[in-house]
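Notes to accompany the following structure.
Rule-based calculations on the coordinates, nothing more; no lab input. What you see is a predicted model, and the numbers here were worked out from it, not measured in a lab. Because the Cβ atoms are built from the backbone with ideal geometry, glycine has one as well, and the counts that use them run over all protein chains shown.
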Amino acid sequence: MTPAAAVNDSGRGRGRTPRAAVVVFPGSNGDRDLLEALNLSGFSARLHPAHMALPADVDLVGLPGGFSYGDYWRAGMLASRARAVQSLPAWLAAGGLVIGVCNGFQILVEAGILPGALSYNQPPRFVHRWIEVEVTPAALRNQSPWFGQARVGDRLRMPIAHAEGRYVHPQGDDVIATRVPLVYCENPNGSLADTAAVLDDSGRVLGIMPHPERACEAVLGSDDGAALFQSARQFLTSQESA
């Protein structure tokens, strides 16, 4: 049963707007951007403090970009111990969707929810610019709710802003090939196999280093990122009508 599938005392049920929670950590700077992107895409989204367990009445959880806890020790490591993140596995068991953007991706990896690690860019530097990513067969092979509106080979224009965005995996790219829905057209950070995003086995958890929430309106430079959030909403509303 998905969080949107049946009426219960948590407030979930048919015929309503999907709900989302954006977790706010000390040092988050993309929380408002992610909140706005979700609301623009048809969600009823709210901010949620990291020190509290996740609410049961939401269908989607977003972990925003930023520098949680100042990136001390490793980016995302301290945030991965926050109560909201520690409650994610139990929350996911009910069938919800999760997106971790930039620092949120780092947090998901540090928490063990996504495989591999994110390390310092090669060469070491902070990169902040627009890039293009390409949709791979893995996006459709996993039937991920995040890519319902995508086609293999589509190119999406989004901004990046990170210093620790180089994706690595100790067993190499063959292990993760079926989990990588987006690759960089021109690798900006030295990521293994040009990896720009990673899915979990279910396809419901997406970690992405570029910022789709900052590419949801043409006036910002691109609205390509909106397709991810609209795909997620479409999936959740279809689950309600099933």
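Enumerate the amide H contacts of Ile131 below 5 Å, restricted to partners 5 or more residues apart or on another chain; note that Pro and chain-start residues carry no placed amide H.
Met158, Ile160
Can you pull a Stokes-Einstein diffusion coefficient for region 92-206 at 25 °C (0.890 mPa s), Rh from Kirkwood over Cα pairs, as a whole number of µm²/s?
Once the numbers are plugged in, D ends up at 173 µm²/s.
Antiparallel DSSP bridges in the chain: what percent, to the nearest 5?
Taking every DSSP beta bridge with both residues in the chain, the antiparallel ones total about 55 percent.
Per residue and in Å³, how big is the convex hull formed by the alpha-carbon atoms of region 19-241?
Looking at region 19-241, the number lands at 107 Å³ per residue.
Where is the GNM fluctuation largest for the chain (alpha-carbon springs, 10 angstrom cutoff): Ser191, Ser144, Ser87?
In the Gaussian network model the winner is Ser87.
With +1 on the Cβ of every Lys and Arg and -1 on the Cβ of every Asp and Glu, and nothing else charged, how large is the dipole of the chain about its Cα centre, in debye rounded to the nearest 20?
The dipole magnitude comes to about 360 debye.
Fewest Cβ neighbours within 10 Å first, please rank Ile208, Ile99, Ile160, Ile131 accordingly.
Ile131, Ile160, Ile208, Ile99
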